[in-house]
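Trainee: Here you go, one structure.
The values are calculated or read from the model by the stated rules, or taken from the named source; none is laboratory data. Since the structure is predicted, the reported quantities are computational estimates derived from the model, not experimental observations. Here Cβ is always computed from backbone atoms with ideal geometry, including for glycine, and neighbour counts include all displayed protein chains. The accessibility values were calculated without ligands, DNA or RNA, using every heavy atom of the protein model including side chains. Shrake-Rupley method; radii C 1.70, N 1.55, O 1.52, S 1.80 Å.
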Amino acid sequence: MPDNEYQRLNKELHALTEIAKAITFPLELPGLLEAVMKTIVSVLDPADIGAIMLWDQASMLFRPAAAVGYDMEIFKEISLHAGESITGKAFHDGHAKLLSTPAEVARTMEDMRSSNREIMARSIGSSDLPKSAVSAPIFVGETKYGVLVLESLDPVNPFVEADLPFVQSLADLVALAIERQQLEAHAAFVRDARQAERMRSEVMATLSHELRMPLSAIKGYATA
């Protein structure tokens, strides 16, 4: 195996290990996803910018949950429709996608609404489109949460086919992190509901006991 290939695989393994460890940390989801994105961009050389776009079922839109290389205060305004741009198409297709040339990127992004193009341009400080990109759906089983999108601004350092399995593995780890947080939130809700029900039962039992005492006395007087 060539040295550069060995080094690449070693960096990818290290990144997967670090992200897997991060999933176990007691972080809120936004902080966790931000840490994951920073690790990804530090390891995957072509990645200059990237984002985790999550599907919001209530609004039927994709919204950024974490990003690197963007001004997040600006980028958080972006909202993509189903099927729109790189994110929407990767989500619909359900598998990792490579856009290795500027022409492929432009063709995939041609249906991006002008308002979203303007937000993207302001958030990276340039109206130039990325030179290459990779994207992977974030899903566990049949549940799809969103899309991981990584983009290169350098025409001489594009993404290649060999990056796809690694990017999909990263997206899978992100999906596990989201699922874990949702399961923990649901478990906390169930615990709180059970505690509330137990307290309600205790209060009702106490009130029932307190009410029985004067009622018994009244019944005794009435009998007498």
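Trainee: At pLDDT 80 or above, surrounded by fewer than 20 Cβ atoms within 10 Å (Cβ to Cβ), outside any loop (DSSP other than H, G, I, E, B) and over 16 Å from the mean Cα position of the chain (by Cα): is that true of GLU104 in this structure? Lay out the reasoning, then the answer.
Mentor: Numbers: at pLDDT 80 or above: yes; surrounded by fewer than 20 Cβ atoms within 10 Å (Cβ to Cβ): yes; outside any loop (DSSP other than H, G, I, E, B): yes; over 16 Å from the mean Cα position of the chain (by Cα): yes.
Here the answer is yes, as GLU104 does meet what is asked.
Trainee: Follow-up. I need the full set of residues from the stretch 107-144 which are within 23 Å of GLU161 (Cα to Cα), in a helix (DSSP H, G or I) and open to solvent by less than 40 Å² (accessible area, probe 1.4 Å), in order please.
Mentor: If the condition is that a residue be within 23 Å of GLU161 (Cα to Cα), in a helix (DSSP H, G or I) and open to solvent by less than 40 Å² (accessible area, probe 1.4 Å), then THR108, MET109 are the ones that fit.
Trainee: Count, please, the residues in the stretch 76-90 that happen to be at positive phi and either in contact with a strand residue (DSSP E or B) (Cβ under 7 Å, 6 or more places away or on another chain) or surrounded by fewer than 17 Cβ atoms within 10 Å (Cβ to Cβ) (or both).
Mentor: First, pick out the residues of the stretch 76-90 that are at positive phi: 83, 85.
If we keep only those that are either in contact with a strand residue (DSSP E or B) (Cβ under 7 Å, 6 or more places away or on another chain) or surrounded by fewer than 17 Cβ atoms within 10 Å (Cβ to Cβ) (or both) as well, we get 83.
Here the count works out to 1.
Trainee: I've got another one for you. It is to be established whether one or more residues within the stretch 157-166 are modelled with pLDDT of 95 or more and either within 18 Å of LYS76 (Cα to Cα) or open to solvent by 20 Å² or more (accessible area, probe 1.4 Å) (or both).
Mentor: No, because not a single residue in the stretch 157-166 is modelled with pLDDT of 95 or more and either within 18 Å of LYS76 (Cα to Cα) or open to solvent by 20 Å² or more (accessible area, probe 1.4 Å) (or both).
Trainee: Name, by its number, the condition in (1) out of contact with any Gly (no Cβ under 6 Å at 6 or more places or on another chain); (2) modelled with pLDDT of 85 or more; (3) not in a helix (DSSP H, G or I) that does not hold for ILE74.
Mentor: Looking at each condition in turn, ILE74 falls short on (3).
Trainee: Any residue in the stretch 105-130 that is closer than 15 Å to GLU77 by Cα sitting within a Cβ distance under 8 Å of a residue that is in a loop (DSSP other than H, G, I, E, B) and polar (S, T, N, Q)? List the pairs, counting only those 6 or more apart or interchain.
Mentor: ASN116/SER79; ARG117/SER127; ALA121/SER127
Trainee: Could you list, in sequence order, the residues of the stretch 39-75 that are within 17 Å of LEU153 (Cα to Cα) and surrounded by fewer than 17 Cβ atoms within 10 Å (Cβ to Cβ)?
Mentor: SER42, ASP45, ASP71
Trainee: While we're on this one: Name the pairs whose Cβ atoms lie under 6 Å apart, with the first residue in the stretch 72-93 and under 14 Å from ASP56 (Cβ atoms), the second open to solvent by 30 Å² or more (accessible area, probe 1.4 Å) and of a type in the set (Gly, Ala, Ser), and 6 or more positions between them or separate chains?
Mentor: GLY88/ALA82
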